[in-house]
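Reading through the structure tokens given below for one structure.
The values are calculated or read from the model by the stated rules, or taken from the named source; none is laboratory data. Every value quoted in this text rests on a predicted model; they were computed, and no experiment measured them. Here Cβ is always computed from backbone atoms with ideal geometry, including for glycine, and neighbour counts include all displayed protein chains.
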């Protein structure tokens, strides 16, 4: 479960910046192609949508394929002697492959983000299912059309011009605009009023536009785009990409109709007529259909049709190449700089916020204080201190022993403080990094982490054969079979020197 949480967080949090970057570059690339054919801009936005989903997914797949337990064959073991302690066998292996940079995130934050995303995803899934049901209801409410002679002639002429034969023609008394449904057995549903009493020019525009949707298989592609959009539908930049796909799809259908069926001016007048027939506007149920009024950019479509005579569809091909390169480069950069997230059992940085020397000294003082409180009551401590003071006043030799003991403890504290300062100066990685390296091996809860130096020549000077490492103790497993694992992490390069399990 923790692994799934890491993959999901990596996908979502990378998507927050990667989708915004790719969408921004898509806007710039579309601006370069603003005077070109709509099909180029449409496929540009489709590629942008696919890239917005694939890049975060690739980051998660990369994290899933990284196995921190894989390492090279170990080298022969060395036996460094550690002063002041028994001999410790350190099996120094070749440095393991460097894992990608991992950003720790608290388990509570991770649970909250995943729960929030789960609620939102359920909401979006319910909306998609409701749109599917509305589409099925509209299809079931339609009936086979019976066009007149003039309408039949127009319909057959459109089929012949576009080369589409396999399509069902349905009619509906509730629809105000034509729509296209189904992918395996495509069907065009026309409003009953449009089929019965409309000019041939308007019927050609309406039926021809929907026939282009059938020719392009836009219904099936639209369903695919909705499924790609679903996991990241919370991102406003991806909503912009989805809207641009719908707009350029309608612009492309307008181009085909103007090229093969109607004059651009006549088709523009027909679009205005169809838009006016859909007024007054009504609350439209969300569906998965594609239709002539989907984009809701009537003015842009009219201006695009009327300016066709002044703009060439055969633009400089270098603009298309530049747009493709402009879109590809940020995608490669976004994939290279993807962030990986790790669910930590405790808030990140909790241990490293306090200097380890201060933490260790504080822990020792607290331990001594607790032991004394447990061993003696306040009255007993006062009595003991009074006896020691009285004895020191009577016995000069005892007083000298007390002074020597205090002097020895002071010297030990000074030497320990010098060693701590020297270790802090020599260490090249932080305690947080050492903890993260240990947790990446197996996961669990950190019980202890200390910085240790061995082979000292002087209290403040490490020998040439000195070793500096973090000793990290990690508790893993469940309550029935807990496992305590000791990791020795090199404080210079971050490699794991040795691992032991209790």
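Taken over the range 453-474, residues that are modelled with pLDDT of 85 or more and in contact with a helix residue (DSSP H, G or I) (Cβ under 6 Å, 6 or more places away or on another chain) amount to 4. If you go through the range 263-273 and keep only what is touching a residue at least 40 places away in the same chain (Cβ under 8 Å) and surrounded by fewer than 20 Cβ atoms within 10 Å (Cβ to Cβ), you end up with 264, 265, 266, 269, 273. The set of residues from the range 108-135 being touching a strand residue (DSSP E or B) at 6+ places or on another chain (Cβ under 9 Å) and in the same structural domain as residue 209 (by TED's automatic domain parsing) comprises just one member, 135.
In this structure, does residue 290 turn out to be at pLDDT 80 or above, touching a strand residue (DSSP E or B) at 6+ places or on another chain (Cβ under 6 Å) and surrounded by 14 or more Cβ atoms within 10 Å (Cβ to Cβ)?
Yes: the conditions hold for residue 290.
Every listed requirement among (1) in contact (Cβ under 8 Å) with a residue 12 or more places away in the chain; (2) out of contact with any strand residue (DSSP E or B) (no Cβ under 6 Å at 6 or more places or on another chain); (3) surrounded by 13 or more Cβ atoms within 10 Å (Cβ to Cβ); (4) farther than 22 Å from residue 103 by Cβ is met by residue 461 save one, (3). Would it be correct to say that residue 75 is in contact with a helix residue (DSSP H, G or I) (Cβ under 8 Å, 6 or more places away or on another chain), assigned to a loop (DSSP other than H, G, I, E, B), modelled with pLDDT under 80 and surrounded by fewer than 15 Cβ atoms within 10 Å (Cβ to Cβ)? Spelling it out, it is not the case that residue 75 is in contact with a helix residue (DSSP H, G or I) (Cβ under 8 Å, 6 or more places away or on another chain), assigned to a loop (DSSP other than H, G, I, E, B), modelled with pLDDT under 80 and surrounded by fewer than 15 Cβ atoms within 10 Å (Cβ to Cβ). Criterion first (assigned by TED's automatic domain parsing to the domain that holds residue 160 and on the phi < 0 side of the Ramachandran plot) does residue 217 satisfy it? Taking the combined requirement at face value, the residue does not satisfy it. Quick check on residue 193: is it surrounded by fewer than 22 Cβ atoms within 10 Å (Cβ to Cβ) and closer than 18 Å to residue 134 by Cα? No, not satisfied. When residue 473 is tested against (1) in contact (Cβ under 8 Å) with a residue 60 or more places away in the chain; (2) within 22 Å of residue 105 (Cα to Cα), just one condition goes unmet, and that condition is (1). The residues of the range 464-497 that are under 30 Å from the mean Cα position of the chain (by Cα) and surrounded by fewer than 17 Cβ atoms within 10 Å (Cβ to Cβ), listed by number, are 475, 477, 478, 493. The single condition among (1) part of a strand (DSSP E or B); (2) under 23 Å from residue 340 (Cα atoms) that residue 432 does not satisfy is (1).
Within the range 137-171, the set of residues being closer than 23 Å to residue 290 by Cα and surrounded by fewer than 13 Cβ atoms within 10 Å (Cβ to Cβ) comprises 137, 140, 143, 144, 146, 156, 160, 163, 165, 166.
Among the residues of the range 297-320, those that are at pLDDT below 80, surrounded by 11 or more Cβ atoms within 10 Å (Cβ to Cβ) and under 39 Å from the mean Cα position of the chain (by Cα) comprise 313, 315, 316, 319, 320. With respect to the conditions (1) under 39 Å from the mean Cα position of the chain (by Cα); (2) without any contact (Cβ under 8 Å) to a residue 40 or more places away in the chain; (3) over 22 Å from residue 216 (Cα atoms), residue 134 lacks only one, and its number is (2).
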